[in-house]
Amino acid sequence: MSEQTATTNQPSGHSDLVADWDRLFRVFICPEGQASRATLIKYMDRILYGLNDFLKTNVGITEAISLKDLSERFTDTVINENPEKKLADVITCLIKDIAPHAVNVSSPYFVGHMTSAIPFFMVHLKTIITALNQNVVKLETSKVVSVVEKQVIAKIHRVIYNNTEAFYRQHVQNADSTLGVFTEGGTTANLTALWTARNAKFQPKNGFSRGIEAEGLAAAYRAWDIDRCVVLVSRRGHYSLRKAAGILGIGNDNVIPIDIGKNNRIDLSCLKRTIRRLETEEPRTCILAIVGVAGATETGTVDPLEDLAEISARINTHFHVDAAWGGPTLFSKKYRHLLKGISLANSVTMDGHKQFYMPMSCGMLYLKDPAALDVIAYHANYVNRMGSVDLGIKTLSGSREANSLILDSALKIMGAKGYALLIDHGIETAAAFAEEIKRRDLFELMTPPVLNILTYRICPPRIRAILNTADDDQRRAINEKLNTVNRRLQTIQRETGKSFVSRTTLLHNNNPNDAIVVLRSVIMNPMTTLAILNEILDEQERIFERELKGLLE
Ligand SMILES: *Cc1c(COP(=O)(O)O)cnc(C)c1O
């Protein structure tokens, strides 16, 4: 069938849906004339307000269409030869057909995950980034944006490390200095941190002239006469660290989970025991890094960073702090002390798309030593020339968007105090929520909030009393029943679609055979009030009374 017939076969009314040069040309040039300008502005209006209306009227996981039913609607695997729709129709379709089945993460009743409402202005900023379409991998495609990026990175570096005025004057625009890098997210920031630690450990030396990046892991281990590298992090460490160890060839078995002590922080004596055991029994094991968690994904808890820094310094190993979640707590004068010791870290991960309230996706890695990333530098002849300020020289990513413009602008619009207010609201609302959970008989607070995350579960007082005196086997059996109840509760509430808390599994006494299912709340949306959280608990009580009580009898 020739293209000609395909075109003439278009049903009438769609005859203008044809791909040809004339039309293609028009989508690449700025619209001429008031009429087409007005049309495009109208489209923007529909995007901003059409979506906003949708977000206002829908809550949590919207509509009761199952994922299976949805997936059956999306089975077309052929790309149309000619255009199917005009821009106007595509926008309508996205607002009317897609958005209603997406998740309204901006609802104040959506308190289950680290993805939430973002300030309205982020949509405007993102639009500007797209319109400019700078590529920050190199100066030749970004120019001033690369310079702005260095400046905003220095600003956040200062919040973490608080070095001298002279330090920042020297490094802020220095082509050789890297105070930090933008990444896709916390995962790639953590990967970059461990990559840096690995390459710093196995630098070129006598008999190993080109270093690990060139010669590989096996050659490095031979040259250092070791069998393996390990990374030490608490059981609350994010799984991205395991991914990183896998990718870097260290092996994710060698990310050693250290037990949790009281307060849900890393158990320091357990950490020291592990180090001593490795040093005495496994002299051919190298401790590559110790990772402190500042805002654990599951419980929001913060490791004792000062102690971890001291231990890392004593054994001369890289100290990384994963503050993907908790980092912006540093803006709060009231609560920044919770992250005390973070300035001692060799590297710090922070996520822009979490508590900087930026749109997806943006992560960052900050380095204490402005020369630390030299060990991962790559040069190519056509970009990233030696000695240039091309930001792609020391990043895992190649081409990437100008997230720095969004962060820089957001910091201007919000001020440090604006972010502090958000942080304070989250921490204080979570604390009040915890009191409410304790006040209600049906619930048991499992991990009290340090930042703005807490976990709890349904556990009626009668059962709690039994648990207090139960032996191991009895306790496990009871917990299994409670796990079923809490799992079902979370599912029923989610499917009902009015509100959303997530769930996760914690271990009793660090025992992998003793799992406890808990409900998890993340309070980051400034519109989430204690009254709303009470409504969520009310609903959970009702669901339990109506549907789940019998399971515990
Ligand atoms: C979210 C998170 C990560 C992973 O970040 P992504 O942006 O999802 O890649 C890593 N560590 C912690 C502590 C996190 O909360």
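The values are calculated or read from the model by the stated rules, or taken from the named source; none is laboratory data. These numbers come from a predicted model, not from an experiment. Neighbour counts run over all protein chains shown; Cβ positions are idealised from the backbone, glycine included. Note: areas computed on protein heavy atoms with side chains; ligands, DNA, RNA excluded. Shrake-Rupley method; radii C 1.70, N 1.55, O 1.52, S 1.80 Å.
For residue 226 and residue 513, what does the FRET efficiency come to when R0 = 25 Å and r is the distance between their Cβ atoms, rounded to the nearest 0.05? Can you show the working numbers first?
Details: r = 33 Å, r/R0 = 1.30.
Once rounded, the FRET efficiency stands at 0.15.
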_Options 492, 290, 254, ranked by Cα towards positive dipole end of the chain, top entry (Cβ charges)_ = 290
_Set of aspartates and glutamates near residue 138 by C-alpha distance (under 20 Å), chain-local residues within fewer than 8 positions excluded_ = 149, 176, 184, 374, 390, 401, 408
*Hey, any idea what % of region 418-552's accessible area is carbon plus sulfur with a 1.4 Å probe?*
50
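Using only alpha-carbon positions, what ratio does the radius of gyration of the chain give when scaled by 2.2 N^0.38 Å? Walk me through the numbers before you get to the answer.
Details: Rg = 26.5 Å, N = 553, 2.2 N^0.38 = 24.2 Å.
Here the Cα radius of gyration is 1.09 times the empirical estimate.
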_Using a 7 Å offset from the Cα along the Cα-to-Cβ direction at both residue 77 and residue 310, what is the distance between the two label points in nm, to one decimal?_
6.0
*Ignoring ligands, DNA and RNA, what percent of the 1.4 Å accessible area of region 134-400 is carbon and sulfur?*
50
*Say the dipole of the chain comes from +1 at the beta carbon of Lys and Arg and -1 at that of Asp and Glu; which of 534, 456, 509 then lies farthest toward its positive end?*
509
*With a probe of 1.4 Å, find how much accessible area region 28-140 has per residue, and write the answer as a whole number in Å².*
67
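Any idea what diffusion coefficient region 418-552 gets from Stokes-Einstein, in µm²/s, Kirkwood Rh on alpha carbon pairs, 37 °C, 0.692 mPa s?
Values: Rh = 15.5 Å.
Using the Kirkwood radius from Cα pairs, D works out to 212 µm²/s.
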*For region 132-179 and region 517-553, write down the distance between their C-alpha centroids in whole Å.*
45
*Using the Cα gyration tensor of region 308-387, with a ≥ b ≥ c the square roots of its eigenvalues, what is the shape: rounded (a/c below 1.5), prolate (a/b larger than b/c) or oblate (neither)?*
oblate
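Sort region 102-175 into rounded, prolate or oblate with this rule: let a ≥ b ≥ c be the square roots of the eigenvalues of the Cα gyration tensor; rounded if a/c is under 1.5, and if a/c is not under 1.5, prolate when a/b is larger than b/c, oblate otherwise.
Working: a/c = 3.58, a/b = 1.52, b/c = 2.35.
Since a/c reaches 1.5 but b/c is at least a/b, the shape of region 102-175 is classed as oblate.
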*Under a 1.4 angstrom probe, counting protein chains only, how are 542, 439, 236 ranked by accessible area, largest first?*
439, 542, 236
*Accessible surface of region 21-104 [probe 1.4 Å, protein heavy atoms]: carbon and sulfur percent*: 62
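Which percent, nearest 5, of DSSP beta bridges in the chain are antiparallel?
On the way: 28 of 47 bridges.
So the antiparallel bridges in the chain amount to around 60 percent.
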*What ³J(HN,Hα) values, in whole Hz, does the Karplus curve 6.51 cos²θ - 1.76 cosθ + 1.60 give for region 90-101 when θ = phi - 60°, with x put for Gly and Pro?*
5, 4, 4, 4, 5, 6, 8, 9, 8, 3, x, 9
_Whole-Hz ³J(HN,Hα) from phi, Karplus 6.51 cos²θ - 1.76 cosθ + 1.60, for region 195-200, glycine and proline x_ = 4, 4, 4, 5, 5, 5
*Amide H contacts of residue 258 (H built 1.01 Å from N, under 5 Å, at least 5 apart or other chain)*: 233, 234, 235
*With a Förster radius of 35 Å, plug the Cβ-Cβ distance of residue 46 and residue 431 into 1/(1 + (r/R0)^6) and report the FRET value to the nearest 0.05.*
0.30
*asked:* Once each part is reduced to its C-alpha centroid, what is the distance from region 84-109 to region 183-239 in angstrom?
replied: 43
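Under the rule a/c < 1.5 gives rounded, and otherwise a/b versus b/c splits prolate from oblate, where does region 134-197 land using the Cα gyration tensor? Mind dumping the intermediate values first?
Numbers: a/c = 1.93, a/b = 1.05, b/c = 1.83.
Oblate, because a/c is 1.5 or more while a/b does not exceed b/c.
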*Other-chain or far-sequence residues with amide H under 5 Å of residue 450's (modelled H)*: none
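Using the 2.2 N^0.38 Å rule of thumb for compact globular proteins, work out how region 472-553 stacks up: its C-alpha Rg over that value, please. The partial results should precede the final answer.
On the way: Rg = 14.2 Å, N = 82, 2.2 N^0.38 = 11.7 Å.
Taking the Cα Rg and dividing by 2.2 N^0.38 Å, one obtains 1.21.
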_Table column - 3J(HN,Hα) (Hz), region 361-376, Karplus curve with 6.51, -1.76, 1.60, x for Gly and Pro_ = 10, 7, x, 8, 10, 10, 10, 5, 9, x, 9, 4, 7, 4, 6, 10
*Only bridges with both residues in region 134-400 count here: give the DSSP antiparallel percent, nearest 5.*
40
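Calculate, for residue 542 and residue 37, the FRET efficiency according to 1/(1 + (r/R0)^6) with r their C-beta to C-beta distance and R0 41 Å; round to the nearest 0.05.
Working: r = 53 Å, r/R0 = 1.29.
The calculated FRET efficiency here is 0.20.
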*Using the Cα centre as the reference, give the magnitude of the dipole from point charges on the C-beta atoms of the chain (Lys, Arg: +1; Asp, Glu: -1; all else neutral), rounded to the nearest 20 debye.*
1160
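If you take the C-alpha gyration tensor of region 279-436, multiply each eigenvalue by 5 and take the square root, what semi-axes do you get, largest first, in whole Å?
Working: eigenvalues 172, 134, 29 Å².
Result for region 279-436: semi-axes of 29, 26, 12 Å.
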_Too-long pairs where the Cα-Cα distance tops 23 Å, listed order kept, from 68/354; 42/412; 155/340; 155/262_ = 68/354; 42/412; 155/262
*For region 253-275 and region 314-352, compute the distance between their C-alpha centroids and round to whole Å.*
18
